[in-house]
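The values are calculated or read from the model by the stated rules, or taken from the named source; none is laboratory data. Because the structure is predicted, anything quoted here is derived from the model rather than measured. Note that we place each Cβ from the backbone using ideal geometry, even for glycine, and neighbour counts take in every protein chain shown. With ligands, DNA and RNA removed, areas are computed over all heavy atoms of the protein, side chains included. Shrake-Rupley method; radii C 1.70, N 1.55, O 1.52, S 1.80 Å.
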Amino acid sequence: MIKTVSIIGIGRVGGALAVALDKCGYAIQNLVSRSPEKVDAVSQLLIHKSINQNGLKNFKSDVIFITTQDTEIENTAINLSKILTETPFIFHTSGSLSSEILNSLRQNGCRVASFHPLVSISEVKLGAKRFADAYFCLEGDTEAVAVGKSMVAALGGNAFSIRTADKPLYHAAAVVACGHFVALFSTAVEMLAECGLDAENSRKILLPLVKSTVENLHTQTPAEALTGTFARTDTDTLQRHLGSLKNNREVLEIYSLLGKRSLKLAEKQGADLLKIGEMTEILQKIESDEASRRK
């Protein structure tokens, strides 16, 4: 029966996991961080705890999470392999790294896996709440994945697994859906701000539109959820958009690249193929002109 947990690296993810697992009845035994303040702050939020602050010493938990920065995971695993006297289940929470980064522990007899919550965590308390209904990517040793699935179920989440070799591609997809979406939203805010609105009002004005689109994606495919200029294959509006962006080369290029992707979705909707071809040619000319300009 898995009941005790230790966490190495008390940042946003590590802290949120400690709080969430604690609420599920797991006993948090060790919180390890370079910052005693972070350990104290998270400890105060816990109910089922038996905190040992002796660094990496005296680890006897059923499960150990390594939630450090990606660049520190391998060294942490190596250091841990030198001091463990038992063989607990060990997980890291990196999205892009596979369980192979924990090979030093695997060679010691530990069952290891990657355990990545596919959710945006910007703060410990809020992050702990967001694990419910979130999806978790699990990859690694069969027994460790099984334990990970039981912990995901306790958190109220959903588990899925991928091949070890696909971890970087999986994480790149997550970055496009989340991090790049934020960057794209920032671009839209800047564009609207150029219409004379301040940045805060621009953000507030655009958010309901974004929310409605996300809600549509709950029940529709991306092709079905596509609306607007490209869904309608509206060439005249496209030309007006491009004219308004002629002095902002970066945004023009972003608009053009995403426009071509949108036209592929419009084709799946059954849009007019002749108009799709016409709009594609317009966008390809934009890309060609940009390439020539860089030479």
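Filtering 155, 209 for residues that are over 18 Å from the mean Cα position of the chain (by Cα) and at pLDDT 95 or above leaves a single hit, 209.
From the set of residues in the stretch 1-51 that are outside any strand (DSSP E or B) and among the charged types (D, E, K, R), which is nearest to the chain's Cα centre (by Cα)? Only one residue fits best here, namely 12. Which ones in the stretch 114-146 are among the polar types (S, T, N, Q) and under 12 Å from residue 95 (Cβ atoms)? 114, 120, listed by residue number.
Of the listed requirements (1) open to solvent by 40 Å² or more (accessible area, probe 1.4 Å); (2) over 23 Å from residue 63 (Cα atoms); (3) in contact (Cβ under 8 Å) with a residue 24 or more places away in the chain; (4) part of a helix (DSSP H, G or I), residue 223 misses just one: (1). When restricted to residues that are closer than 18 Å to residue 221 by Cβ and either crowded, with 16+ Cβ neighbours inside 10 Å or of a type in the set (Val, Ile, Thr) (or both), the stretch 240-266 contains 4. Residue 154 fails exactly one of the following numbered conditions: (1) in a strand (DSSP E or B); (2) touching a Cys at 6+ places or on another chain (Cβ under 7 Å); (3) over 17 Å from residue 73 (Cα atoms). What is the number of that condition? Looking at each condition in turn, residue 154 falls short on (1). Restricted to the stretch 174-198, and to residues that are in a helix (DSSP H, G or I), open to solvent by 60 Å² or more (accessible area, probe 1.4 Å) and not β-branched (Val, Ile, Thr), which residue is nearest to residue 140 (Cα to Cα)? By that ranking, first place goes to 177. When the stretch 20-46 is examined, which residues are found to be aliphatic (A, V, I, L, M) and surrounded by 20 or more Cβ atoms within 10 Å (Cβ to Cβ)? Across the stretch 20-46, the qualifying residues are 20, 21, 28, 31, 32, 39, 42. Taking residue 170 as the residue in question, decide whether it is touching a Phe, Trp or Tyr at 6+ places or on another chain (Cβ under 8 Å) and either surrounded by fewer than 18 Cβ atoms within 10 Å (Cβ to Cβ) or touching a residue at least 60 places away in the same chain (Cβ under 8 Å) (or both). No; evaluated as a whole, the condition is false for this residue.
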